[in-house]
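One structure below.
The values are calculated or read from the model by the stated rules, or taken from the named source; none is laboratory data. Values in this document were obtained by computation on a predicted structure and should not be read as measured data. Every residue, glycine as well, gets a Cβ built from its backbone with ideal geometry; the counts of neighbours run over all protein chains shown.
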Amino acid sequence: MKVLVIFLISIFAIITLTWVGLQIKPSSFQPIAQGQPALETIPMPDNLPSPVERYLGMVYGEQVPVIKSAVVSGRATLRINGITMPGRFRFTHIAGQGYRHYIESILFGFPSMKVNEHYLDGKGRLDLPFGVFDGPQIDQAANLGLWAETMWLPAVYVTDPRVRWEAVDDETVVLVVPFGNEEQRFLVRFDPDTGLLLLMETMRYRDAEGGNKILWLSEVREWQTINETLVPSTGAAIWLDEGTPWAIFTVNDIVYNVDVDEYIRATGP
């Protein structure tokens, strides 16, 4: 009986200690060394669907910046194997072409797991704590991730000639994006009150092999002006069959048009 009591106390102590460790918020990554250059602009294109014109007009006005790259940094809440953990992230984009994701889950303020993944030259690769994954289904999902994350640099939605918008109604449009020699589609919904982007929906593979595509939602929850641009400051990624976000990303820094040609092929923060 005494051994059982000691065992239960030990388990309770471990659970309590782990819970305390998960409450410690991660520090932010150090800012990147390069400062943002002045951004070239072009006039807002004509003949956009009305919800897109309203949205981008609120973000940029009459002039749209020409964005070639972005480095997006912030904190995250991640659900890993059923456990919700705090984390931090840095996403590096070559606009409309590829990305590198670096993510750390944090325990007691220190990295406990690290994720290095990229989508470059049309190929995705996930380097996760429990394995490395690639293949056609990873490529399909990664390209959708690229264009969903472009909500942080939305000028690309109208400056990239490969992208087009198809009107649906006053609050909904279809976004068509390139995927190699093919195309992919999002159903995009806008807030009827604010006019800002609210939700992007698409069918996406979750697994590297087998399985069917699942409805994947990229939801904007908060907006903030960062580096003189109105951007989604908090967003959630949701698989429909799970019902709740597996990841919530909160942005604290975005830098545009810095040189990322080498950085995007590196690892780590």
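Tell me, please, whether a residue that is within 23 Å of PRO232 (Cα to Cα) and buried (at least 17 other Cβ atoms within 10 Å of the Cβ) can be found in the stretch 119-127.
Our first condition is that a residue be within 23 Å of PRO232 (Cα to Cα); within the stretch 119-127, this holds for 119.
Add one more test, that the residue is buried (at least 17 other Cβ atoms within 10 Å of the Cβ), and what stays is 119.
Checking the stretch 119-127: at least one residue is within 23 Å of PRO232 (Cα to Cα) and buried (at least 17 other Cβ atoms within 10 Å of the Cβ).
Residues MET85, MET44, MET58: which one is under 22 Å from ASP207 (Cα atoms), of a type outside the set (D, E, K, R) and out of contact with any Cys (no Cβ under 6 Å at 6 or more places or on another chain)?
Details: MET44 fails: under 22 Å from ASP207 (Cα atoms); MET58 fails: under 22 Å from ASP207 (Cα atoms).
From the options MET85, MET44, MET58, the qualifying one is MET85.
Any chance the stretch 249-259 includes a residue that's surrounded by 12 or more Cβ atoms within 10 Å (Cβ to Cβ), within 12 Å of the chain's Cα centre (by Cα), acidic (Asp, Glu) and not in a loop (DSSP other than H, G, I, E, B)?
no
Every residue in the stretch 147-159 that is touching a Gly at 6+ places or on another chain (Cβ under 8 Å) and surrounded by fewer than 22 Cβ atoms within 10 Å (Cβ to Cβ), please.
Scanning the stretch 147-159 gives a single hit, MET151.
For residues that are at pLDDT below 95 and either under 12 Å from the mean Cα position of the chain (by Cα) or not in a loop (DSSP other than H, G, I, E, B) (or both), tally how many sit in the stretch 210-223.
0
Within the stretch 226-256, how many residues turn out to be of a type outside the set (A, V, I, L, M, F, W, C) and under 26 Å from PRO65 (Cβ atoms)?
11
Do any residues in the stretch 212-238 that are acidic (Asp, Glu) have Cβ atoms under 7 Å from those of residues that are assigned to a strand (DSSP E or B), where the two are at least six apart or on different chains, and which pairs are they?
Within 7 Å, the pairs are GLU219/LEU199; GLU219/GLY235; GLU219/ALA236; GLU219/ILE238; GLU222/SER233; GLU222/THR234.
Check THR172 against each of (1) at positive phi; (2) at pLDDT 95 or above and name the one condition it does not meet.
(1)
Here are some residues: GLY21, GLY61, GLY87, GLY57. Which one is at pLDDT 85 or above and in contact with a strand residue (DSSP E or B) (Cβ under 6 Å, 6 or more places away or on another chain)?
After applying the criteria, what remains is GLY87.
Out of VAL132, VAL163, VAL115, report the one residue that is β-branched (Val, Ile, Thr), touching a residue at least 40 places away in the same chain (Cβ under 8 Å) and in contact with a strand residue (DSSP E or B) (Cβ under 9 Å, 6 or more places away or on another chain).
That would be VAL163, the only listed residue that is β-branched (Val, Ile, Thr), touching a residue at least 40 places away in the same chain (Cβ under 8 Å) and in contact with a strand residue (DSSP E or B) (Cβ under 9 Å, 6 or more places away or on another chain).
Would you check if there is a residue in the stretch 176-183 being among the aliphatic types (A, V, I, L, M) and outside any strand (DSSP E or B)? Spell out how you get there, then give the answer.
Of the stretch 176-183, the ones among the aliphatic types (A, V, I, L, M) are 176-177.
Still in the running and outside any strand (DSSP E or B): none.
Within the stretch 176-183, none of the residues are among the aliphatic types (A, V, I, L, M) and outside any strand (DSSP E or B).
Within the stretch 195-212, does at least one residue satisfy the condition of being under 21 Å from VAL176 (Cα atoms) and in contact with a Gly (Cβ under 6 Å, 6 or more places away or on another chain)?
no
Can you find, within the stretch 178-191, the residue that is surrounded by the most Cβ atoms within 10 Å (Cβ to Cβ) among those that are among the aromatic types (Phe, Trp, Tyr) and either more than 18 Å from TYR119 (Cβ to Cβ) or out of contact with any strand residue (DSSP E or B) (no Cβ under 6 Å at 6 or more places or on another chain) (or both)?
Taking the stretch 178-191 as the starting set, the residues that turn out to be among the aromatic types (Phe, Trp, Tyr) are 179, 186, 190.
Narrowing the set further to residues that are either more than 18 Å from TYR119 (Cβ to Cβ) or out of contact with any strand residue (DSSP E or B) (no Cβ under 6 Å at 6 or more places or on another chain) (or both) leaves 179, 190.
Values: PHE179: 18, PHE190: 22.
Among those that are among the aromatic types (Phe, Trp, Tyr) and either more than 18 Å from TYR119 (Cβ to Cβ) or out of contact with any strand residue (DSSP E or B) (no Cβ under 6 Å at 6 or more places or on another chain) (or both), it is PHE190.
Scanning for something assigned to a helix (DSSP H, G or I), surrounded by 11 or more Cβ atoms within 10 Å (Cβ to Cβ), of a type outside the set (Phe, Trp, Tyr) and modelled with pLDDT of 95 or more, does the stretch 34-51 turn up at least one residue?
yes
Any idea how many residues of the stretch 160-177 are under 24 Å from GLY124 (Cα atoms) and crowded, with 19+ Cβ neighbours inside 10 Å?
2
If you go through the stretch 144-175, how many residues are within 16 Å of the chain's Cα centre (by Cα) and in a helix (DSSP H, G or I)?
Counting residues in the stretch 144-175 that are within 16 Å of the chain's Cα centre (by Cα) and in a helix (DSSP H, G or I) gives 11.
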